[in-house]
Amino acid sequence: METQTQEDVKSMMARLLDAAKKTRESYLYSGDEKMLPMAYIYNEHNITVMALTWTDDREKYQMAAFANREARKARAKSLSFVVDSRWLNSEKFCEYYKLDHSNEDAYRRDYHRIRAAHGGEMKNLPREVWEEAVVVFTNGPGIPVTIQMAPYKEGPNDTIEWLPLEDRHKPDGGKSDMLTDWWS
């Protein structure tokens, strides 16, 4: 039964990822702020879909906490988030800013200082130091955090060019700062 449940989760996540890819493509590459993050709460009888909006990390985590509470109230089988995401490529970041990554404390300090100097947002850093993808992440009672992603870059004529999923794109152990153990 557990294997079937995990297969069901992977299938559901694949459908969400395919829909997210189509949505992201519809905005063209230049529409990078148009795709709304979504939460999907699955319970025994229905699916609740929530559009999430935030302007900073504080609001992002408030919205995530709200979705986690709603999943708990609904006695959901799973909670999924679908987002358009950016993340730092630390190797390229260090190369660009001529930083030594071997001193973790100094690296973190430099990262926060540089990010603050760029308005505190990843998108304001030089384009060559970050990567992007649409991402689906899910958990629930008996479902560990599971993450699927589709990395992309700008293609010709303002299109999205989907990239192969490489080892550097694979999530590290299924961590999410937006999903809690909401059912406990």
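A short reminder: the numbers here are calculations on the coordinates, not readings from a lab. The model shown is predicted, which means the values in this text are computed figures rather than measured ones. Don't worry about glycine lacking a Cβ; one is built from the backbone with ideal geometry, like all the others, and counts go over all protein chains shown.
List of remarks:
- Hey, Met38 farther than 19 Å from Trp130 by Cα, more than 15 Å from the chain's Cα centre (by Cα) and surrounded by 14 or more Cβ atoms within 10 Å (Cβ to Cβ) or not: no
- Scope the range 137-164; condition buried (at least 16 other Cβ atoms within 10 Å of the Cβ) and in contact with a Ser or Thr (Cβ under 6 Å, 6 or more places away or on another chain); matching residues: Phe137, Thr138, Gly140, Ile143, Val145, Thr146
- Filter result for the condition that a residue is over 30 Å from Glu44 (Cβ atoms) and either in a strand (DSSP E or B) or of a type in the set (A, V, I, L, M) (or both), over Glu91, Glu95, Glu161, Glu128: Glu161
- Test: residue in the range 53-61 that is among the hydrophobic types (A, V, I, L, M, F, W, C) and within 18 Å of Val136 (Cα to Cα): yes
Table: residues versus (1) more than 23 Å from the chain's Cα centre (by Cα); (2) more than 17 Å from Asp177 (Cα to Cα); (3) surrounded by fewer than 12 Cβ atoms within 10 Å (Cβ to Cβ).
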| position | (1), (2), (3) |
| --- | --- |
| Trp54 | no, no, no |
| Phe81 | no, no, no |
| Lys92 | no, yes, no |
| Asp110 | yes, yes, no |
